[in-house]
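Here is the structure we will look at.
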Amino acid sequence: MEIVILPDAADSGHLAGGAVAALLARKPDAVLGLATGSSPLPVYDDLVARYTAGEISFARATAFTLDEYVGLPADHPERYSTVIREAFTSRVDLRPDAVHGPDGLATDIPAACAAYDAAIAEAGGIDLQILGIGTDGHIAFNEPGSSLASRTRIKTLTHQTRADNARFFGGDIDAVPTRCLTQGLGTIMEAGHIVLTASGQNKAEAVHQLAEGGVSALWPATILQHHPHVSVLVDEAAASRLQLASYYRQTWAAKPEWQGL
Ligand code: F6R
């Protein structure tokens, strides 16, 4: 796991955007994994800038989102399928039918979840997964206690996650759905390269556990310690609890540019 400590979230967005651009250059039909929430927004802004400048194209790419609230009406602005369209996919040349997400309105939820994992496999698997991390250490919506081998399934959100996400629902925690569909930790672990971004003091403990804690379902993101290619891009505040921060800084400073992420 590589930890890169950067001055701010825009720098993380630029670095992650560079990794996506390099992937598209060598594999124009790449399969991208997209997170929602606020953490990846600088990544998407960077990718839109590269697309607008004519540097990259998503015309042959495919995308899979991580998760979706259960039961939000089709026209609700906070449905993740809507959020990702507005934040990213409609701003570049990704074909709308190449963007997939778990169906939070499915009548047969187990079948919809199994079909989602099958669709990712059929697309050839995710080449690069963009991730955020929750303050309680969740990735996608794999809350503490999640099976480390889990597949896409229905989960119940913790009170902490609903409180954190109330800001997207006018500050009203009761408006935040209680359940979601989420790629499992086992599903996420199959991605070729995982790029996780985090910023702000409220992520510091989760980032410390992710990189330096014992692997445990209590901090689900710790499963990423078993993945061979994870890049964690954090700002100073999110890095503030890292025990080995000076080593990470030295390592990054000495890394030749050709190596990329
Ligand atoms: C969203 C997702 C979540 C978020 C996490 C952090 O698709 O998978 O794991 O990445 O809740 O959210 P933000 O980035 O809003 O702090």
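Summary of computed values
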| read-out | value |
| --- | --- |
| Helices (runs of 4 or more DSSP H) lying entirely in segment 29-141 (those with 1 or more residues that are near the ligand (Cβ under 10 Å from one of its atoms), touching a residue at least 12 places away in the same chain (Cβ under 8 Å) and among the acidic types (Asp, Glu)) | none |
| Of all residues making up segment 202-248, the number that are touching a His at 6+ places or on another chain (Cβ under 6 Å) and exposed (fewer than 15 other Cβ atoms within 10 Å of the Cβ) | 1 |
| Complete set of residues in segment 183-201 that are buried (at least 21 other Cβ atoms within 10 Å of the Cβ) and either among the polar types (S, T, N, Q) or not in a helix (DSSP H, G or I) (or both) | GLN183, GLY184, THR187, ALA191, ILE194, VAL195, LEU196, THR197, ALA198, SER199 |
| Checklist (1) among the hydrophobic types (A, V, I, L, M, F, W, C); (2) closer than 24 Å to GLY214 by Cβ; (3) within 12 Å of the ligand (Cβ to nearest atom) applied to LEU157, failing item | (2) |
| The one condition in (1) open to solvent by 20 Å² or more (accessible area, probe 1.4 Å); (2) closer than 30 Å to GLY200 by Cα that ILE133 fails to fulfil | (1) |
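Okay, residues lined up against (1) in contact with a helix residue (DSSP H, G or I) (Cβ under 9 Å, 6 or more places away or on another chain); (2) among the polar types (S, T, N, Q); (3) open to solvent by 40 Å² or more (accessible area, probe 1.4 Å):
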residue: ALA35; (1), (2), (3): yes, no, no
residue: SER38; (1), (2), (3): yes, yes, yes
residue: ASP67; (1), (2), (3): yes, no, no
residue: SER81; (1), (2), (3): no, yes, yes
residue: VAL92; (1), (2), (3): yes, no, no
residue: PRO96; (1), (2), (3): yes, no, yes
residue: ALA106; (1), (2), (3): yes, no, no
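The values are calculated or read from the model by the stated rules, or taken from the named source; none is laboratory data. Since this is a predicted model, take the numbers as computed values, not measurements. Cβ coordinates were reconstructed from backbone atoms using ideal geometry, including for glycine residues, and neighbour counts include every protein chain displayed. For accessibility, only protein heavy atoms count, side chains too; no ligands or nucleic acids. Shrake-Rupley method; radii C 1.70, N 1.55, O 1.52, S 1.80 Å.
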